[in-house]
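Peer 1: Let me begin by handing over the structure; questions about it come next.
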Amino acid sequence: MKNIFLFLALSSTILFTSCEGDPGPPGLDGGLVYAQVFEVSPSFSYNDYPENTYSTSLYSFPFEVYESDVVLVYRLSGQDNSVSPPADVWTQLPQNVFYNDGTGDFFQYNFNNTFFDIQFSIEGNFDLTNIDIADISNQTFRIAVVPSEFAKTNPSMKEILEVMQADGSQIENIEL
């Protein structure tokens, strides 16, 4: 009896492993797509009343950027000397810098961009002419442009409910 089960198990294994279907249609060749990265060390200029901000000139991207690409910016905020060789420490923007003098004063490194260029700014909740210029000089920013594309569709809530075959009564309303 054991031999019969063994024979059936082996023959069914061979039978099912030797089955092969039609090959599918050929797909597009894939490829690796990497984010493009570059660094700048801009100079900030003070923008007087009513702006009370510091800003840089516009920096053009050194490569082609598409409107759907995602731009991420990091500020070099120090070095980690606990490893060998020391490693740069990067902090993502926007980044707040708080003063420890009990006033609650802070300023914020920020940026804005189009798919042509990028600009850096410093905004704060106090008169920014009081900032020690050494605090904002010699800053290095790393800009990473991550390739992406817009979604093929942007469905409305009505279209989503139709696909779900729901009437919306199952959706819980939350009052804030």
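No lab work stands behind these numbers, since they all come straight from the coordinates. Small disclaimer: the values here were computed from a predicted structure and weren't measured. Neighbour counts are summed over all protein chains in view; Cβ atoms, including those assigned to glycine, are modelled from backbone coordinates with ideal geometry.
Peer 1: Once you order the gyration tensor axes a ≥ b ≥ c over the Cα atoms, which shape class does region 105-149 get: rounded for a/c under 1.5, otherwise prolate or oblate by comparing a/b with b/c? Provide the component values of the computation, followed by the final result.
Peer 2: Details: a/c = 3.20, a/b = 2.21, b/c = 1.45.
Because a/c hits 1.5 or more and a/b exceeds b/c, region 105-149 counts as prolate.
Peer 1: Can you tell me the 0 to 90 degree angle between the C-alpha axis of helix 2-17 and the longest principal axis of the chain, rounded to 10?
Peer 2: The answer is roughly 50 degrees.
Peer 1: Mind pulling up the Rg/Rh value for region 36-146? Radius of gyration and Kirkwood radius, both on Cα.
Peer 2: Here Rg/Rh amounts to 1.00.
Peer 1: May I pose another question? Can you tell me the length gained on complete extension of the stretch S82 to T129, counting 0.36 nm per residue apart and subtracting the Cα distance? All intermediate terms of the calculation are to be shown ahead of the outcome.
Peer 2: Details: separation 47, 0.36 × 47 = 16.92 nm, distance 3.57 nm.
Roughly 13.4 nm would be gained on extension.
Peer 1: Extension gain L28-S41, at 0.36 nm per residue separation less the Cα-Cα distance, in nm?
Peer 2: Values: separation 13, 0.36 × 13 = 4.68 nm, distance 4.05 nm.
Roughly 0.6 nm would be gained on extension.
Peer 1: Efficiency by 1/(1 + (r/R0)^6): what FRET value for T114 and D167, r their Cβ-Cβ distance, R0 = 41 Å, to the nearest 0.05?
Peer 2: Values: r = 42 Å, r/R0 = 1.03.
The calculated FRET efficiency here is 0.45.
Peer 1: Here's something else I'd like to know. Just to confirm the filter: which chymotrypsin sites (Phe, Trp or Tyr not before Pro) across region 104-142 are DSSP coil and have at most 14 other Cβ within 10 angstrom of their Cβ?
Peer 2: Details: sites: F106, F107, Y109, F111, F115, F116, F120, F126, F141; in loops: F115, F116, F126.
For chymotrypsin sites (Phe, Trp or Tyr not before Pro) across region 104-142 that sit outside H, G, I, E and B with at most 14 neighbouring Cβ atoms in 10 Å, the list reads F115, F116, F126.
Peer 1: In Å, what Rg and Dmax follow from the Cα atoms of region 43-83?
Peer 2: Taking only Cα atoms of region 43-83, I get Rg and Dmax of 15.9, 45 Å.
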